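Student: The structure that follows is given in the form of structure tokens.
The values are calculated or read from the model by the stated rules, or taken from the named source; none is laboratory data. Bear in mind that the values here come from a model prediction, so they are computed numbers and not experimental data. Glycine also receives a Cβ, built like all others from the backbone with ideal geometry; neighbour counts cover every protein chain displayed. In case anyone asks, the SASA skips ligands and DNA or RNA and just uses the protein heavy atoms, side chains included. Shrake-Rupley method; radii C 1.70, N 1.55, O 1.52, S 1.80 Å.
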Amino acid sequence: MCGQGRQRVKLDQDRVQDLLKGVLRGDQRSIARAISWAERQVPQARVLLAGLYPHTGQAHLIGVTGSPGTGKSTLVNQLARAYRQCGSSVGVIAVDPTSPFSGGALLGDRIRMRDVAGDPGVFVRSMATRGALGGLSRATFDAAQILDAGGYNVILIETVGVGQDEVEIARTAHTTVVVEAPGLGDDIQTIKAGLMEIADIYVVNKADRDGADQAVRALEAKIDLDRATSAASAPTQEQTWEPMVCKAIALDGTGIAELVTAIKAHRAYLVKSGRLKEKEQDRARSGLKALLSQELLTRFLSRLEPGKLDSVLFSIAARELSLHEALEQLLTDR
């Protein structure tokens, strides 16, 4: 390696170490830059994340999801304020739709969270889904790791809110909060949706509206039905968590204290029952599979002959090849 190359490598190593130390100090500029590295997937990001990983595992990851219009952002804002009043530092990852032009988050820095954005104990970051099928991008997992290493006790991850596709949050968060609101015209669909199967805690937000009590009763009936079905199919003495239903009015903070109490109760259950370790194993499995899928696809495409993929895509569009035939051709004709 020439002298200039060695100098460049040394400079990269120094940059990684400086950034790593900044993150571990809790410096918000360093944390913001580290997350940007993870989003852009720069080569140094892998080294940085590897260095930070031994310092993670302390934060409580709370996923907040639900259909659009339920008031998730306002609820997250209030949760952040409540945790700050308890003395906890809070990281907020607000996952937004991806701009088709810039690839960035459409809602930017989340002006709806302006109440906590100036608090030095709160870090707010908007991130784009970047086309991730489950509503979360790979960088979301990395951002949570960076905030964890940066010393944030509580990390709130608000998903984009696209209905049943949001189940990926359950593999990322320790506690999943599903937010509903009365008057959206989807009460029956709500009970059917796969989204509702992932909740540790349900929140009926905008509880001052007509229909709030009906929504609570519907959710409680679903919980009772799930309990009866589970008991009949697999009777066991094992301690299990039964989802809780909370009412809230996020605009004025009503019910937020009760929601924080419910979240803390779920955290205590995870620790006492041993489910917290299982959750961590599930997160590791999901994260590794996602990385493998991404890396294997990247390597596979890089080894195709120039123009091969475009040629196959043209044949598919011309109805000369089916998708399955195209796949077989790409796998064998290399």
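Student: Determine whether residue 296 is aliphatic (A, V, I, L, M), over 18 Å from the mean Cα position of the chain (by Cα) and closer than 30 Å to residue 171 by Cα.
Tutor: For residue 296, the condition - aliphatic (A, V, I, L, M), over 18 Å from the mean Cα position of the chain (by Cα) and closer than 30 Å to residue 171 by Cα - is met.
Student: Quick check on my filter: what residues within segment 34-45 are open to solvent by 90 Å² or more (accessible area, probe 1.4 Å) and either of a type in the set (A, V, I, L, M, F, W, C) or within 19 Å of the chain's Cα centre (by Cα) (or both)?
Tutor: Listed by number, the residues that qualify are 40, 41.
Student: Inside segment 5-100, counting only helices (runs of 4 or more DSSP H) that do not spill past its ends, which hold 1 or more residues that are modelled with pLDDT of 95 or more, of a type in the set (D, E, K, R) and in contact with a strand residue (DSSP E or B) (Cβ under 7 Å, 6 or more places away or on another chain)? Quick ask: steps written out before the conclusion?
Tutor: Numbers: elements: 28-40, 43-52, 72-85.
Output list reads 72-85.
Student: Please go through (1) modelled with pLDDT of 80 or more; (2) of a type outside the set (Phe, Trp, Tyr); (3) in contact with a strand residue (DSSP E or B) (Cβ under 9 Å, 6 or more places away or on another chain) for residue 151 and return the number of the only condition it doesn't satisfy.
Tutor: Just one mismatch for residue 151, condition (3).
Student: Residue 23 is checked against (1) open to solvent by 70 Å² or more (accessible area, probe 1.4 Å); (2) closer than 22 Å to residue 154 by Cβ; (3) touching a residue at least 60 places away in the same chain (Cβ under 8 Å); (4) in contact with a Gly (Cβ under 8 Å, 6 or more places away or on another chain) and fails just one. What number does that condition carry?
Tutor: (1)
Student: Could you list all residues from segment 260-295 that are open to solvent by less than 70 Å² (accessible area, probe 1.4 Å), free of Cβ contacts under 8 Å to residues at least 40 places away in the same chain and either of a type in the set (Ser, Thr, Tyr) or part of a helix (DSSP H, G or I) (or both)?
Tutor: First, pick out the residues of segment 260-295 that are open to solvent by less than 70 Å² (accessible area, probe 1.4 Å): 260, 262-263, 265-270, 273-276, 279-280, 282-284, 286-287, 290, 294-295.
Checking which are free of Cβ contacts under 8 Å to residues at least 40 places away in the same chain leaves us with 265, 268-269, 273-275, 284, 295.
265, 268, 269, 273, 275, 284, 295 - these are the residues of segment 260-295 that are open to solvent by less than 70 Å² (accessible area, probe 1.4 Å), free of Cβ contacts under 8 Å to residues at least 40 places away in the same chain and either of a type in the set (Ser, Thr, Tyr) or part of a helix (DSSP H, G or I) (or both).
Okay, residues lined up against (1) among the aromatic types (Phe, Trp, Tyr); (2) open to solvent by 30 Å² or more (accessible area, probe 1.4 Å); (3) in contact (Cβ under 8 Å) with a residue 24 or more places away in the chain:
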{"residue": "47", "(1), (2), (3)": "no, yes, yes"}
{"residue": "55", "(1), (2), (3)": "no, yes, yes"}
{"residue": "58", "(1), (2), (3)": "no, yes, yes"}
{"residue": "64", "(1), (2), (3)": "no, no, yes"}
{"residue": "71", "(1), (2), (3)": "no, no, yes"}
{"residue": "77", "(1), (2), (3)": "no, no, yes"}
{"residue": "87", "(1), (2), (3)": "no, yes, no"}
{"residue": "95", "(1), (2), (3)": "no, no, yes"}
